[in-house]
Amino acid sequence: MNKEITLFMLLIMTLIFSNAVNGCIKINEQTKIWVYMHPVKCLDNAWEQDWVNISGLTGEESFKGYKEYLDKTGEKKIIIDYYAKIGITVYDYTSEKVSDVVCEACECQRGDRVSLLIPYSNSSNMKQLGYNTTKIQN
């Protein structure tokens, strides 16, 4: 009887372990991950600051100039191009409204959430840039 219980327990443990291993995601060079952040106002996001530095505009002129650039180019392309410039491939971009209530100060969030699909190998770099990670995609 003890031998049957031991074999049964061993079988159960083997099934549990094999399902746990099969449920794991294998990380490789093709693995991608979604990262997200909540952009702030007043051209204080990295891609906006990059444009301001390149444009040479200051004060109110920088806001007007960036708005024209944004309207012409679109935020998706601006962000993808900015991260490509610093060596991070962005495979996809989404922006979704998350709040109607925002304050007017420059350090306040805009009320949206920007998500980027990037190589998993760049996730630690993006965390250092203020992004959070969400889901892994193979």
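Here are a few things to note about the model shown:
- Residues that are without any contact (Cβ under 8 Å) to a residue 40 or more places away in the chain and among the hydroxyl-bearing types (Ser, Thr, Tyr) were ranked within region 88-110; the one that is farthest from residue 35 (Cα to Cα) is 99.
- Residue match in region 108-126 (condition: loosely packed, with under 12 Cβ neighbours inside 10 Å and not small (Gly, Ala, Ser)): no
- Test result for residue 111, on the phi > 0 side of the Ramachandran plot and of a type outside the set (Val, Ile, Thr): yes
- Out of 88, 33, 80, one residue alone is under 15 Å from the mean Cα position of the chain (by Cα) and under 17 Å from residue 112 (Cβ atoms). It is 80.
Bear in mind these aren't lab numbers, they're just calculated from the coordinates by the rules spelled out. Bear in mind the structure is a predicted one, so any value in this text is a computation, not a measurement. When we count neighbours, we look across all protein chains shown, and the Cβ atoms used for this are built from the backbone with ideal geometry, even at glycine.
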